[in-house]
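Structure first, commentary second.
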Amino acid sequence: MSGIAGILNLDGAPVDRDLLNQMARFMAFRGPDAQDCWNNGPVGLAHAMLRTTRESRQERQPISLDGEAWITADVRVDARSELIEKLQTKSVHRIGEATDAELILHAWRTWGEECTSHLLGDFAFGIWDNKKQILFCARDHFGVKPFFYARAGNCLIFSNTLNCIRIHPQVSDNLNDLAIGDFLVASFNQEHDTTFFSDIQRLPAAHTLTVSAGQIRVSRYWTLPVDKETRYKQASDYTEHFQELLSAAVSDRLRTDHVVSLMTGGLDSTTITATANQILKKQSEPFDLRAHCVVYDRLFPDEERHYSTLAAEALHIPIQHQIGDDYEFYSCRTERGSPTPEPTDDPLHAIVRDAFFQIASHSRVALTGEGGDSGLTMSISSHLLRLAWKFRFGRLANDFGRYLLSEGRLSRLYFRRRLGILAWKVQKPDLLPTWLNPEFEAHWNLRERSQQTTTNAAAIGSDRPEAYAELTGRWASLFEAYDPGITTFPVEVRHPFFDLRLMRFLISLPALPWCADKTLIREAMRGILPDSVRLRPKVPLAGDAVIEILKRPDSQWVDRFEPEARLHKYVDRNKIPAVVGERNSLQQWVNLRPLSLNLWLQSLAPMGYKRSAGGTV
């Protein structure tokens, strides 16, 4: 994922070129191919290039088509031929070899601020149009690419790299206390438009940011639609249409000859890997596709090595197994600066870092199976009850019968899932930790906030509201965990199931039989994946690495940590119960959060701008 950044001085003062260069150089870890800047008076754009597609082999950014509109973009445009055809109907010609950033500029010149409605893919970009005197920025539909910005004094600063914005001297390191409260209570920031720094905002997924005449406007350009249920006469039509859309989604996310698949032994990631393998084999150019899987050999019984090996052998691709047994808690904490730009409650983040270190040695592109579960989410009992309430008893009997008879077996998931829900209810931790600083808790109404639930109004009227709830939740923040701003390695992670065309099809499917037990994917992979993998039950890991590592003597230190001075504002250290020995595993996770926050605060280093000789601010 390339690095992008920009500065707009709203008072008309010229941009400090030295500062702009420093921001570009800072992002070199994610864009090692080239770091370039462009500036003109009060505006400047910076870019750190990571070339990941064939079209980008000679690309340079920031770039302009006419000297008037300039762009810095982290982008992969999907359905390129369709977009080019649409542009050609608007008398835009000879653009077949255009880079993805150039295609966005063509779209901007053709449709202006409506250009996002014509784009498919993953993108975060900023366009300065000198003629219109407008800064226009956008983030993709699902928020795969991050985008941050800050209004500091008379400046608007943006980047897809949070710490890059902190370099600007007018951006303070003041913390966002509400975000920290959310983290301590729920493990994540519940606001989609803020960060853990009070000066820095997050542009939500499917939103644009427009700056004109000194005014800043943030607007939503897309909402997940509630499509009419897809109904076909033949059962085979469902699987054929799925295979067609999946192939297009994976193909658009390849466009390179070295690819790593983050492939567990589960159905979703093996399906993506198998599809990529089919597509690459049809090409005339040589390719290298391999798999990467984190496994546990001793901490607990883990079947991922077995099933991922079966899939790799069936597809005739190499696989690298990364063993997670011997990692220690918070081993990233000794690195220079903050381990992550924002706090995380994952004590084993080093596993992620090492995984991307290994992947980066081979490829700049990685594929995941994220989204398969969400797109096919449904509740069997809720679905049948909805049919009963609507007196659709014929459909109820037909759906339930097809569900039971699918592949001649009862669902392997339904009863296990119910048992898992019951186990969670038994182990469910207190909604509000007892160790919160009472004054902090009261000031931000954290008790009331922890009990709030949100309803997605767009899902009303849908036959599968559970899918909409899944897809409009935390995905944007989860995608950021794959971003080089977190992993620190120049690897672009792509998620084919989150292709807009494919996801719209998945959420419009009849709940039964296609969504239950992911019947659609299992049918589509018949003869492609071995049945041992294709029909494998969906079950969670047999253990939790964090919980198992807490049993080791070298983990005792987590109950003896010394609080950093700023932690007292949020947490009463004396009220944190012992984590080691706690029988409720979910409560153990909750009680580790103060330590996670403490280590982040300790390592939070200022990014401060260092003015060079002759530089101005």
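The values are calculated or read from the model by the stated rules, or taken from the named source; none is laboratory data. All of these numbers come straight from a predicted model, not from anything done at the bench. Please note: Cβ atoms are built from the backbone with ideal geometry, for glycine as well, and neighbour counts cover all protein chains shown. Calculation scope for accessible area: heavy atoms of the full protein, side chains included, ligands and nucleic acids excluded. Shrake-Rupley method; radii C 1.70, N 1.55, O 1.52, S 1.80 Å.
Contact map, the range 420-448: residues that are over 29 Å from Val539 (Cα atoms) and modelled with pLDDT of 95 or more paired with residues that are in a loop (DSSP other than H, G, I, E, B) and not aromatic (Phe, Trp, Tyr), Cβ distance under 6 Å, separation 6+ or inter-chain. Pairs shown: Trp435/Asp572; Trp435/Ile576; Asn437/Asp572.
For Arg526, the conditions (1) touching a residue at least 60 places away in the same chain (Cβ under 8 Å); (2) open to solvent by 20 Å² or more (accessible area, probe 1.4 Å); (3) more than 30 Å from Thr194 (Cα to Cα) all hold with the exception of (1).
If you go through the range 85-105 and keep only what is under 24 Å from Phe142 (Cβ atoms) and surrounded by fewer than 19 Cβ atoms within 10 Å (Cβ to Cβ), you end up with just Lys86. Scanning the range 172-225 for residues that are assigned to a strand (DSSP E or B), of a type outside the set (A, V, I, L, M) and touching a residue at least 12 places away in the same chain (Cβ under 8 Å) yields Thr194, Phe197, Gln201, Arg202, His207, Thr208, Thr210, Ser212, Ser219, Arg220. Restricting to the range 280-309, name every residue that is touching a helix residue (DSSP H, G or I) at 6+ places or on another chain (Cβ under 7 Å), more than 27 Å from Val546 (Cα to Cα) and open to solvent by 20 Å² or more (accessible area, probe 1.4 Å). Within the range 280-309, just Phe287 meets the criteria. One residue stands out among those in the range 310-320 that are in a loop (DSSP other than H, G, I, E, B) and open to solvent by 40 Å² or more (accessible area, probe 1.4 Å): the one that is nearest to Gly527 (Cα to Cα), which is His316.
Restricted to the range 592-617, and to residues that are at pLDDT 75 or above, among the polar types (S, T, N, Q) and out of contact with any Ser or Thr (no Cβ under 7 Å at 6 or more places or on another chain), which residue is nearest to Ser172 (Cα to Cα)? Write out each step before concluding.
Step one: filter the range 592-617 for residues at pLDDT 75 or above, giving 592-609.
Now narrow it down to the ones that are among the polar types (S, T, N, Q): 596, 598, 602-603.
Imposing the further condition that a residue be out of contact with any Ser or Thr (no Cβ under 7 Å at 6 or more places or on another chain) reduces the set to 598, 602.
Values: Asn598: 20, Gln602: 17 Å.
In this case the residue turns out to be Gln602.
Every listed requirement among (1) more than 22 Å from the chain's Cα centre (by Cα); (2) charged (D, E, K, R); (3) open to solvent by 70 Å² or more (accessible area, probe 1.4 Å); (4) under 28 Å from Asp140 (Cα atoms) is met by Arg220 save one, (1). Determine whether Leu599 is within 30 Å of Asn163 (Cβ to Cβ) and either open to solvent by less than 20 Å² (accessible area, probe 1.4 Å) or more than 25 Å from the chain's Cα centre (by Cα) (or both). In short, no. Scanning the range 110-129 for residues that are charged (D, E, K, R) and in contact (Cβ under 8 Å) with a residue 12 or more places away in the chain turns up Glu113, Asp122, Asp129.
Give the range 171-228 a look and list any residue that's aromatic (Phe, Trp, Tyr), within 30 Å of Leu506 (Cα to Cα) and modelled with pLDDT of 95 or more, or say none. Quick ask: steps written out before the conclusion?
Our first condition is that a residue be aromatic (Phe, Trp, Tyr); within the range 171-228, this holds for 183, 188, 196-197, 221-222.
Those left that are additionally within 30 Å of Leu506 (Cα to Cα): 188, 221-222.
Correct list: Tyr221, Trp222.
Only strands (runs of 3 or more DSSP E) whose full extent lies in the range 1-109 are considered here, and the ones with at least 1 residues that are in contact (Cβ under 8 Å) with a residue 24 or more places away in the chain and closer than 30 Å to Arg501 by Cβ are 3-9, 43-49, 69-77.
Of the listed requirements (1) in a loop (DSSP other than H, G, I, E, B); (2) at negative phi, Leu597 misses just one: (1).
Can Ala205 be described as under 18 Å from the mean Cα position of the chain (by Cα) and either of a type in the set (A, V, I, L, M, F, W, C) or over 22 Å from Glu480 (Cα atoms) (or both)? Let's see the steps before the verdict.
Details: under 18 Å from the mean Cα position of the chain (by Cα): yes; either of a type in the set (A, V, I, L, M, F, W, C) or over 22 Å from Glu480 (Cα atoms) (or both): yes.
Against the criterion (under 18 Å from the mean Cα position of the chain (by Cα) and either of a type in the set (A, V, I, L, M, F, W, C) or over 22 Å from Glu480 (Cα atoms) (or both)), Ala205 qualifies.
Among the residues in the range 152-172, are any in contact with a strand residue (DSSP E or B) (Cβ under 7 Å, 6 or more places away or on another chain), among the aromatic types (Phe, Trp, Tyr) and surrounded by fewer than 22 Cβ atoms within 10 Å (Cβ to Cβ)? Looking for residues that are in contact with a strand residue (DSSP E or B) (Cβ under 7 Å, 6 or more places away or on another chain), among the aromatic types (Phe, Trp, Tyr) and surrounded by fewer than 22 Cβ atoms within 10 Å (Cβ to Cβ), one finds none in the range 152-172, hence no. Among the residues in the range 241-261, are any outside any helix (DSSP H, G or I), under 30 Å from Trp600 (Cα atoms) and among the β-branched types (Val, Ile, Thr)? Checked against the condition, which is being outside any helix (DSSP H, G or I), under 30 Å from Trp600 (Cα atoms) and among the β-branched types (Val, Ile, Thr), the range 241-261 yields no hits at all.
In the range 546-564, is there at least one residue being at pLDDT 95 or above, more than 30 Å from Ser374 (Cα to Cα), touching a strand residue (DSSP E or B) at 6+ places or on another chain (Cβ under 9 Å) and surrounded by fewer than 16 Cβ atoms within 10 Å (Cβ to Cβ)? No, the range 546-564 contains no residue that is at pLDDT 95 or above, more than 30 Å from Ser374 (Cα to Cα), touching a strand residue (DSSP E or B) at 6+ places or on another chain (Cβ under 9 Å) and surrounded by fewer than 16 Cβ atoms within 10 Å (Cβ to Cβ).
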